[in-house]
């Protein structure tokens, strides 16, 4: 059991903030004072006791939009991260265990995908694909899985030559056993600390795409999309667009603080990052 | 220059060209994954089968994909990027001024960011665990968590709206005086600098620190040399290669950061052009611009490798 007094302050702040965001995302319909698309007043009203964050470009309550936005943002980022880890780790472990042509083929393919900046490749693919949530999650997950692939392959190559894996092979265990019962438990801690970083990256990536108008489509909006909706107010001194942008930054820092702490803990136990 | 260097450099450049060709296949294939085709998306759902067939023949869509690929590649190699579907304009001539604008913006950001990052990185090593060092790790944390548009709009909100020092929208036109142009891009260049500065500082610091912990620096310390002469005479010459590497990798990152920054400041560059035409589903433009971004990115990576081969004699003799 983790002793709560031994968690450093920075990590504690990170955990509390991340949990708050998660709670807001999960319980959005119960917390939000107004509906997501409900028009409650004039356009771009200032902050007041009635509308804590003011209203947005169509007169919707910004606080409620933020809470629903947390739901969409975190939902997509979680699914994309899950996809990239499932895909990247499975293929990476397989490449390390199988070796041979499969390893060469996958590794060269990943090299090729990483030779193009992720955002550019995503824009190229999104120019022909329909703009739905499924395509968005698939594109984000697949493009990001290249990094997970490299990391998990590197870890698995190290573990694969250890004695207990050798023993399992001599016992006649199949490939699935070796991947899931021998390699995965030993590769878990470096992968978990990477999870936090990839999650932040997914949030930033999604926000960038939505900000460019190619991510979540209206009337739904994630935080990046809300920045896009309210950006025209900035030149009139209306800070509405800064609020969702700041929320992304705060969530990013919180998750980073937690990931750093996990990384430090696992590093002291394992003596290195895989 | 002795011949082994030339050979290594030639190998690296050849590898880069092969990679670029492979990337062009990937970009072309990436725009072919949809069951429908360009003709359908131009004419929309209401198109008659005859007009679809006519347009397909006109655009050469009846050929198999590999023939269209070689046709496209041949055009790209001879500088003919085709015409935009949405406007019918020649892509190559629309791209040229935009490419110049983007490179100008990126170059201005780089001129500020690179020396600043190296100096701050050096200071962080000199006063290790001091306030410069703490500032750098704080900034690095921020820069990995802040979206580009947060930095961009903060700058607009304070510098353009509140204090009204610089314009919040970067309008540039042909024949604009150089100083006016600099003023117009002050905010986007600052935003780009901030986006890549922290990462560059942190990597510079790591590269120098790595060298400071080597045996020959310890010897220099034991000889009683002052800290700055150790850095200047012993550490810096060895750190040049890794620093060049860091700078080039971050410039490559800057090329991508430019997309979002250009949209924030409505700057007429490549990024804005790309985003507009992705929204219009204008495939030829997206292919051409995507390929140019990838080419710049790969070129910067090759330069990084070549620079480290030249700066570091140890890389010239592979074991």
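Each reported figure results from applying straightforward, stated rules to the coordinates on display, with no laboratory input. Since the structure is predicted, the reported quantities are computational estimates derived from the model, not experimental observations. Note that we place each Cβ from the backbone using ideal geometry, even for glycine, and neighbour counts take in every protein chain shown.
Among B:109, B:206, B:53, determine the one that fluctuates most according to a GNM of chain B built with springs between C-alpha atoms less than 10 Å apart.
B:53
Please find the FRET efficiency linking residue B:67 to residue B:9, where r is the Cβ-Cβ separation and R0 is fixed at 30 Å, and quote it to the nearest 0.05. Could the numbers behind the result be given before it?
Working: r = 35 Å, r/R0 = 1.17.
After rounding, the FRET efficiency stands at 0.30.
Give the angle, between 0 and 90 degrees and rounded to the nearest 10, that separates the Cα long axis of helix B:270-279 from the longest principal axis of the Cα atoms of chain B.
40 degrees
Under 1.5 on a/c is rounded, so check that first for chain B, then, if it is not, pick prolate when a/b is larger than b/c and oblate when it is not; a ≥ b ≥ c are the square roots of the alpha carbon gyration tensor eigenvalues.
It is oblate, given that a/c is not under 1.5 and a/b is not larger than b/c.
Enter the angle in degrees (range 0 to 90, nearest 10) between the Cα long axis of helix B:49-59 and the first principal axis of the Cα atoms of chain B, meaning the one along which they spread out most.
Computed tilt is about 50 degrees.
GNM, chain B, Cα, under 10 Å: largest mean-square fluctuation among B:188, B:147, B:49?
B:49
Would you mind giving the mean number of other chain beta-carbons within 10 Å of the Cβ of each residue in A:200-206, as a whole number?
Details: counts 2, 1, 0, 2, 6, 1, 1.
Taking all residues of A:200-206 together, the mean is 2.
Give me the percent relative contact order of the range A:194-265, please, defined on Cα pairs under 8 angstrom at least 6 residues apart.
32 percent
First check a/c for the range A:175-267, with a ≥ b ≥ c the square roots of the eigenvalues of its C-alpha gyration tensor; if it is under 1.5, answer rounded, and if not, answer prolate when a/b is larger than b/c or oblate otherwise.
Taking the square roots of the gyration eigenvalues as a ≥ b ≥ c, the range A:175-267 is oblate.
If you fit an axis through the alpha-carbon atoms of helix A:242-270 and take the longest principal axis of the Cα set of chain A, what angle between them do you get, 0 to 90°, nearest 10?
20 degrees
Sum -39500 (n - 2.57) across every DSSP H segment of at least 4 residues in chain B, then divide by the residue count to get the 222 nm mean residue ellipticity, nearest 500. Mind dumping the intermediate values first?
Working: 13 runs with 228 residues, N = 319.
My calculation for chain B gives -24000 deg cm²/dmol from helical runs alone.
Summarise the partner chain shielding of B:149-161 as one whole number: the mean count of Cβ atoms from other chains within 10 Å of each residue's Cβ.
Averaged over the peptide's residues, the number is 5.
How many Å³ per residue does the convex hull of the Cα positions in chain A occupy?
159 Å³
Provide B:71, B:162 in ascending order of the number of other Cβ atoms located within 10 Å of each residue's Cβ, fewest first.
Ordered by Cβ neighbours within 10 Å, fewest first: B:162, B:71.
Applying 1/(1 + (r/R0)^6) with R0 = 51 Å to the Cβ-Cβ distance of residue B:280 and residue A:181, what FRET efficiency is obtained, to the nearest 0.05?
Here the calculated transfer efficiency is 0.50.
Label point 7 Å out from residue B:163 along Cα-to-Cβ: which residues of the range B:190-206 have amide N under 19 Å?
In the range B:190-206, the label zone of residue B:163 (backbone N under 19 Å from the point 7 Å along Cα→Cβ) covers B:190-195.
Taking square-rooted eigenvalues a ≥ b ≥ c of the alpha carbon gyration tensor, is the protein assembly as shown rounded, prolate or oblate, where a/c under 1.5 means rounded and, failing that, a/b exceeding b/c means prolate?
Note, shape of the protein assembly as shown comes out rounded.
Choose one answer from A:148, A:110, A:255: the residue with the largest mean-square fluctuation in a GNM of chain A with alpha-carbon springs under 10 Å.
Looking only at A:148, A:110, A:255, the biggest GNM fluctuation is shown by A:110.
Between residue A:235 and residue A:264, what is the spin-label point distance in nm, taking each point 7 Å from the Cα along the Cα→C-beta axis?
If labels sit at residue A:235 and residue A:264, their model points lie 4.6 nm apart.
Which ordering of B:23, A:40 is given by a fewest-first count of other beta-carbon atoms within 10 Å?
Lowest to highest Cβ neighbour count: A:40, B:23.
Simple spin-label model, 7 Å along Cα-to-Cβ: residue B:17 to residue A:40 in nm?
Distance between the two pseudo-spin positions: 6.3 nm.
Distances longer than 24 Å among the Cα atoms of the range B:69-161: what percent of all pairs is that?
53 percent
For B:280, B:7, what's the fewest-to-most ordering of other Cβ within 10 Å of each Cβ?
B:7, B:280
Along Cα→Cβ, 7 Å out, is where each label goes; now give me the distance between the ones at residue A:50 and residue A:26 in nm to one decimal.
The two pseudo-label positions are separated by 3.4 nm.
Give me the inter-chain shielding for B:4-14: mean count of other chain Cβ atoms within 10 Å, whole number please. It would help to have the intermediate numbers written out before the result.
Values: counts 0, 0, 0, 0, 0, 0, 0, 0, 0, 0, 0.
Shielding by partners across B:4-14 averages 0.
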